[in-house]
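Notes follow once the structure below has been shown.
The values are calculated or read from the model by the stated rules, or taken from the named source; none is laboratory data. Fair warning: this is a prediction, and the values are worked out from it, not measured in the lab. Note that each Cβ is placed from the backbone with ideal geometry, even for glycine, and that neighbours are counted across all protein chains shown. The accessibility values were calculated without ligands, DNA or RNA, using every heavy atom of the protein model including side chains. Shrake-Rupley method; radii C 1.70, N 1.55, O 1.52, S 1.80 Å.
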Amino acid sequence: MADNDRLRDVAEDRDFEIGAAVAAQPLRTDPAYKKILRNEFNYVTAENALKMGPLRPDPGVYDFNDADAVVDYARAHDQSVRAHTLVWHNQTPEWFQEWDYTPEQLEEFTREHVHTAAGRYRDTVDTWDVVNEAVADDGTMRENLWYETFGEEYLDDAFRWANEVAPDTDLYYNDYGADGVNVKSDAIYDLVERMLDRGVPIDGVGLQMHALHEKPGIDSVAENIRRFKDLGLDVEITEMDVAYLPGDDPGDQEARWEKQAEFYRDITEVCLDEGVDTMIVWGVRDSDSWIPNWFENLTGDPLLFDSGNDPKPAYDAIKDTLANYEA
Ligand code: G3I
């Protein structure tokens with residue numbers, strides 16, 4: 001590996017997909033953002049543009065502008081695209097939250113939404129998060145409006161509808177806080193096993209890997225990946241970022257970034273050990289991260305590039321591991 005090798009070159013040399021969550025706005029306005037994105041990543045996911053809220057500003061109306069901007073940019077730079085997400089309890093349109101729907105109306109709306117969004121990108125998107133975060137942190141099914149109306153089978157319907165219009169697209173269930181073996185990942189394991197038993201066209205499970213308040217044990221992540229793969233499902237790391245609470249933060253930036261780089265290295269090695277060929281980080285630069293807006297008590301530099309557009313030790317750790325890994 002030459003020093004000037006790009007991360008995506010090293011990844012492509014071993015058929016690995018290294019991705020980043022992308023926001024539409026900097027794609028339009030920020031040359032430095034675009035330069036990092038096209039040079040260093042061979043996989044992108046839309047951070048918000050393909051969610052129901054941004055796509056459906058008003059009843060019967062679709063706004064694909066931001067989504068198209070992300071997908072078109074990726075295709076123009078030979079990057080695979082992961083679409084996020086068709087059915088999720090968060091970020092639904094305001095009008096939808098106030099809508100006094102009947103079960104029949106909700107079913108028809110969801111079918112039409114899945115058909116329209118997944119159908120539009122059937123030839124340009126590689127993977128969809130069909131359903132996101134349907135399991136609560138205690139392992140019970142999350143009481144969202146689809147579950148309350150239809151029970152667990154709302155997941156089956158969503159996957160079948162997506163498969164009807166995009167049969168060549170990989171269809172995933174995606175969640176957080178289930179990266180290692182725990183009560184939540186146990187529940188997700190049982191859920192996807194039931195779905196497979198019901199013949200649902202699910203291809204894989206996305207482990208978000210937001211390593212924030214707690215970091216999963218590396219052996220536990222490996223065991224978790226293996227059991228999903230033993231079900232015949234693929235596994236991807238879909239939304240990785242690494243931040244620290246005051247008690248875990250070494251204090252000075254250099255020490256924190258070295259500690260952070262070790263965790264990114266460990267997760268990259270687990271991916272290579274367990275045959276996971278896709279890892280996505282949830283943003284391009286520290287300044288693009290969602291974390292400072294949501295968690296004041298967490299360190300705000302969770303990604304591979306700093307706010308000055310320079311690669312961090314985490315970037316080198318992933319690149320070195322991909323370049324030098326031997327099974
Ligand atoms: O676009 C509107 C803008 O028009 C408005 O002026 C502004 C002020 O309210 O809000 C903007 O929308 C914000 C959107 O991000 C785009 O920036 C929403 O308020 C804000 O809630 C939304 O946050 C996103 C969050 O999901 C919503 O739950 C984060 O960017 C995004 O990183 C985060 O991503 C989630 C994954 O989808 C699922 N897993 C966890 C992950 C982190 O929470």
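So the values come out like this:
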{"read-out": "Test: residue 58 is within 16 Å of the ligand (Cβ to nearest atom), more than 21 Å from the chain's Cα centre (by Cα), under 13 Å from residue 120 (Cβ atoms) and not aliphatic (A, V, I, L, M)", "value": "no"}
{"read-out": "Test: residue in the stretch 42-54 that is under 18 Å from residue 283 (Cβ atoms) and part of a helix (DSSP H, G or I)", "value": "yes"}
{"read-out": "Options 234, 277; residue that is out of contact with any Ser or Thr (no Cβ under 9 Å at 6 or more places or on another chain), touching a residue at least 40 places away in the same chain (Cβ under 8 Å) and within 30 Å of residue 203 (Cβ to Cβ)", "value": "277"}
{"read-out": "Residues satisfying the stated conditions in the stretch 193-207, i.e. open to solvent by less than 10 Å² (accessible area, probe 1.4 Å) and under 25 Å from residue 19 (Cα atoms)", "value": "204, 205, 206, 207"}
{"read-out": "Residue among 140, 102 that alone is open to solvent by less than 60 Å² (accessible area, probe 1.4 Å), among the β-branched types (Val, Ile, Thr) and over 16 Å from the mean Cα position of the chain (by Cα)", "value": "102"}
{"read-out": "The lone exception for residue 19 - which of (1) part of a strand (DSSP E or B); (2) within 13 Å of the ligand (Cβ to nearest atom); (3) under 15 Å from residue 288 (Cβ atoms) it fails", "value": "(2)"}
{"read-out": "The stretch 110-136, residues that are more than 18 Å from the chain's Cα centre (by Cα) and either among the basic types (Lys, Arg) or surrounded by fewer than 17 Cβ atoms within 10 Å (Cβ to Cβ) (or both)", "value": "111, 112, 115, 116, 119, 120, 122, 123"}
{"read-out": "Residue match in the stretch 283-297 (condition: hydrophobic (A, V, I, L, M, F, W, C), touching a helix residue (DSSP H, G or I) at 6+ places or on another chain (Cβ under 6 Å) and more than 16 Å from the ligand (Cβ to nearest atom))", "value": "no"}
{"read-out": "Which numbered condition residue 265 fails, given (1) at negative phi; (2) in contact with a Leu (Cβ under 9 Å, 6 or more places away or on another chain)", "value": "(2)"}
{"read-out": "Residue tally, condition within 14 Å of the ligand (Cβ to nearest atom) and farther than 17 Å from residue 238 by Cα, over the stretch 71-91", "value": "3"}
{"read-out": "Inter-residue pairs, beta-carbon under 6 Å, first in a helix (DSSP H, G or I) and in the stretch 131-154, second open to solvent by 20 Å² or more (accessible area, probe 1.4 Å), 6+ apart", "value": "147/141; 149/103"}
{"read-out": "Residue match in the stretch 199-219 (condition: over 18 Å from the mean Cα position of the chain (by Cα), within 16 Å of the ligand (Cβ to nearest atom) and more than 20 Å from residue 45 (Cα to Cα))", "value": "yes"}
{"read-out": "Which listed residue is open to solvent by 20 Å² or more (accessible area, probe 1.4 Å) and either more than 14 Å from the ligand (Cβ to nearest atom) or at pLDDT 95 or above (or both), from 34, 51", "value": "34"}
{"read-out": "Qualifying positions in the stretch 299-315 - at pLDDT 95 or above, out of contact with any strand residue (DSSP E or B) (no Cβ under 8 Å at 6 or more places or on another chain) and within 18 Å of residue 211 (Cβ to Cβ)", "value": "301, 313"}
{"read-out": "Residue satisfying condition, being open to solvent by 30 Å² or more (accessible area, probe 1.4 Å), assigned to a helix (DSSP H, G or I) and of a type in the set (D, E, K, R), within set 214, 223", "value": "223"}
{"read-out": "Residues within the stretch 62-98 that are open to solvent by less than 20 Å² (accessible area, probe 1.4 Å) and in contact with a Phe, Trp or Tyr (Cβ under 7 Å, 6 or more places away or on another chain), tallied", "value": "6"}
{"read-out": "Counted residues, the stretch 229-257 - those being of a type outside the set (Val, Ile, Thr) and either in contact with a helix residue (DSSP H, G or I) (Cβ under 9 Å, 6 or more places away or on another chain) or within 16 Å of the ligand (Cβ to nearest atom) (or both)", "value": "16"}
